[in-house]
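Read through the structure below, which is laid out as structure tokens, and then see the notes.
The values are calculated or read from the model by the stated rules, or taken from the named source; none is laboratory data. Just so it is clear, the structure is predicted and the values come from calculations on it, not from any experiment. We place every Cβ from the backbone using ideal geometry, glycine too, and count neighbours over all the protein chains shown. Side chains included, ligands, DNA and RNA excluded: accessible areas come from the protein's heavy atoms. Shrake-Rupley method; radii C 1.70, N 1.55, O 1.52, S 1.80 Å.
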Amino acid sequence: MSTLIYAPGVKVYVQTEKNGTLDISEDLTRGTLVRRSDGVSTFQFGLQNARRKYDGVFAPNDRLVVMMKRFTWLRVFTGYLNSVPLVTGWPMEVTLNSSCSLKRLQYWYWDPGLSSSQTMVAQALTAVKSGNDNGDAGVTNAVLTILNSVVGWPEEKVHIAGIPQEWFKFTQKIAKEVDAKAEEADAIAAQFYAILGGAGTVGGVQGGVGGVFNGKLKPGTYGNAALNATQLGLVATIYNAGSQDGMSKHVIAAAFCAGKAESDFNATVVNSIGATGLFQMRPSMGWGTSSQCKDPVYASHKWFSVAKGIKSRESMTYGRLAQSVERSGDSSGSIYQRWASMAEALMKALAAGSAAPTTPNTNPGRVGSVVGGGTGKATGLSLLQTGLGLVQQHTRIPYRLGGDAPPSTAAGKVWALDCSSFVQWVVYHTLGSLKGCPRVASAQASFCGSHGKLISAAEGMKIRGALMFRGSRGGEHHVEMSLGDGRHTVGFHHTGTYGSVVSSSASNWDRAGLLPNIDFSADGGGVGVNFDGSTDGTDPAAQQGVQLSTGDQQPWYNANDPYDKLFGNNPWVPQPDIDTAGSEALTGIRALLNDQPLLPYIKNLMNSTMRSFCSAPNGDLIAWFPDYYGIWGTSASMVIEPIELQDFYVEWSDDFFVTHQYTVAPKGNQGLDLLSGAVNAIGPLQAVTTVGIATIDIPSIMYALFGLEPDKDSAQKFIAWVYKRFGARPDFQQMPGVVGQKGEFFSALFLFMRQWAYQYNADIPVTFMPELWPGMIAKVPSFDFQAYITTVTHNFQFGDQPSFTTSINIAAPARLSAKKAGNLIGLPVAGGLAPGPKLG
């Protein structure tokens, strides 16, 4: 009978700057090596400093290598020294600390706010075509580019595993079920839309009172108030702001009462205590600057933003609602309520005039006018002017695929748009409603074909306001608007750019479309339209001061991809939106003022695509898609026998128990500020529209993820048992690195798996096992148990009582057998189910 004998050992080599490479193994006294995922691993050790021979020998950032042995020698750590002995008073044991090779990223600083940094990341993301993107929409290429260009980390020393294609197949049925249930919820959400205070649409239902008012109210008596033309102009301003902000007739009427009582509809009046403008807002009370409070458009939107926070606003009288916003000395609100009949008369007149709203100003000298002026049918020129006005007046609205502002959003409040939502925004603010214009580029092309007209790209480039489409027929993935001069288009182009005019030609496009409800007959002829409305041939892009770029459109969108078809053309990548002005202004001795460590940025990129990472034994950077349950066969595994366990104690706690996992991808400026690290609040509208949902109420999730029996009765019995014992346990997470509905859904599914299993926790001490690594699967067949390893800690002690031990921290415990649960009820089955057959 053979006998297995452990022969544990540790060796440490240090490459010093002045003394060459030293083998310090013989002087080791003790040590602790901690291998972490998603962070910097560390090694702390003691040395016997006989004759003070190590005084002044080492220096911080000396490179070291650690070897460990159970049966054979293995390299387990490569890193850099942090703290070293400088001088000692007598021979004594000294302690040294070190970090793994990720220390380079921890202390390597860069400025992501520089335009060159953002351009580098944006180009790296868009340089990878669909099908060759490692499953992550270009993030792998972005990481490789940053590490090589910023740190000088060779590409061959970075190893990023792709996202398993089976994962996408695995979740298709679940995605369809989640999407179907989310659609049902949209109809209910629309009923609560006004209460939540959102603007735009939910599930295609339009909020607010309708379109803007583009006409003129006739001076005269309205209810109990005589109003002149100037006052009625301000009434229209309030009405349009309320409409754009999704406010109900009731709330807008209350604003009329406030405007009349506070200023008699006078935007310039300032009282003795500094109250200013239409609603007599006091800058000292946080309403805005003095000039902002005098601006009737700003003041109106500000008034409605406060009204949105009043939950019972629809049940209040006009006076009480106005008082709740204004907080005047008359707590009863009677000074506002006295104008109720005026407010209702105004609403009636405005509703009659806005039922068929007229078009914006079509005078070429007034570009982009949204409210006021003009009568008759909208033209292609007026459509174009609205779009030009937006990018002229608001030059830093970023392109963000899927994370865009609703079409009714006021121009000054648009946080982001993509190519097709820009078209919707322009149509809405030209016609007063969408008039059926759909959301995505392919549908807009079909809409032109069925209700308007499809023409050649060459013709479209000569017609102002024509929509220019790129992509296969019926599967267009990009749209912009022609300036009619044959040389330029306006729109939102690709990640890393702002909405602008760009150089273009017919060869850039596949075909063009003319929208219905727009008169294009007078807008041909190839006349260029500049930002000032002139036609002198001046390049409008040059006037705006932007870099001309046509660029490839989001290359990861695939019309044949089931997730893209299901969730729309939403990317699954982090998209920083940072104002570069501050960074660009820092030069000379102040140049490094905005710089920050690179590691958090890299971690954000990795986590946004659901990857873990750490340094490899040889110092390379490795990243992987965590195979928590051994479903994909991508994780290495280690079989541990009972004799190798020093202890085996797993706690079961419901502290982490989750029955419903919700995630929301931040939209617009509500995401992660990569300069400060702050995460801003999620608005209610984003929660209403999320598809980041994973719940025990969807049997396919429980079956696919946790190995529950596929028959409906078994699944329902288990679900009922969970509710009876634990009740509903929802969890809501903001995902700062994820963009779009695809990212929301995948993240919810992933977190649900993890949180479900986190109810079990353990630090398991075993015999010395240098072979264990974060991301591995530890299997204990004797206990029908396996778990995913998140952290590995090796401890050793030399001397009279030597010891060598390893401890593993586990996550996602699972049972090895689907047939016998024993004490492991509720754990998923290790290896899961074959992803294909049952889910097709």
Condition check: among the small types (G, A, S), open to solvent by 20 Å² or more (accessible area, probe 1.4 Å) and more than 35 Å from the chain's Cα centre (by Cα). Does A261 satisfy that?
yes
Within segment 792-840, count every residue that is open to solvent by 60 Å² or more (accessible area, probe 1.4 Å), part of a loop (DSSP other than H, G, I, E, B) and either among the basic types (K, R) or modelled with pLDDT of 80 or more (or both).
6
Of the conditions (1) over 38 Å from the mean Cα position of the chain (by Cα); (2) open to solvent by less than 50 Å² (accessible area, probe 1.4 Å), S37 fails just one. Which one is it?
(1)
Could you list, in sequence order, all residues of segment 436-447 that are buried (at least 18 other Cβ atoms within 10 Å of the Cβ) and not hydroxyl-bearing (S, T, Y)?
C437, R439, V440, A441, Q444, A445, F447
Number of positions in segment 228-245 that are under 20 Å from A322 (Cβ atoms) and either touching a Phe, Trp or Tyr at 6+ places or on another chain (Cβ under 7 Å) or free of Cβ contacts under 8 Å to residues at least 60 places away in the same chain (or both):
11
Look at segment 219-253 and say how many of its residues are over 36 Å from the mean Cα position of the chain (by Cα), under 14 Å from Y336 (Cα atoms) and buried (at least 20 other Cβ atoms within 10 Å of the Cβ).
1
From the options A322, A307, A340, residue that is more than 42 Å from the chain's Cα centre (by Cα), surrounded by 18 or more Cβ atoms within 10 Å (Cβ to Cβ) and either within 15 Å of K249 (Cβ to Cβ) or without any contact (Cβ under 8 Å) to a residue 24 or more places away in the chain (or both)
A340
Which residue is nearest to Q337 (Cα to Cα), if the candidates are limited to segment 264-297 and must be surrounded by 21 or more Cβ atoms within 10 Å (Cβ to Cβ) and not hydrophobic (A, V, I, L, M, F, W, C)?
Q280
Scan of segment 21-39 for residues that are of a type outside the set (D, E, K, R) and modelled with pLDDT under 95, ordered by number
S37, G39
Does at least one position in segment 101-112 carry a residue that is assigned to a strand (DSSP E or B) and either more than 30 Å from W153 (Cβ to Cβ) or not hydroxyl-bearing (S, T, Y) (or both)?
yes
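One line per residue, one yes/no per condition, for (1) open to solvent by 50 Å² or more (accessible area, probe 1.4 Å); (2) out of contact with any Pro (no Cβ under 8 Å at 6 or more places or on another chain); (3) more than 29 Å from A616 (Cα to Cα); (4) not in a loop (DSSP other than H, G, I, E, B):
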site	(1), (2), (3), (4)
G79	no, yes, no, yes
P91	yes, yes, yes, no
L96	no, no, no, yes
S99	no, yes, no, yes
With at pLDDT 85 or above, open to solvent by less than 10 Å² (accessible area, probe 1.4 Å) and hydroxyl-bearing (S, T, Y) as the only criterion, which of S408, S450, S421 stands out?
S421
Restricting attention to segment 14-33, does a residue exist that is closer than 30 Å to N604 by Cβ and either of a type in the set (A, V, I, L, M) or open to solvent by less than 40 Å² (accessible area, probe 1.4 Å) (or both)?
yes
On the given criteria, is G31 part of a loop (DSSP other than H, G, I, E, B) and touching a residue at least 12 places away in the same chain (Cβ under 8 Å)?
no
Tell me, yes or no, whether segment 345-358 has at least one residue that is open to solvent by 60 Å² or more (accessible area, probe 1.4 Å), within 39 Å of the chain's Cα centre (by Cα) and either over 19 Å from A466 (Cα atoms) or at pLDDT below 80 (or both).
yes
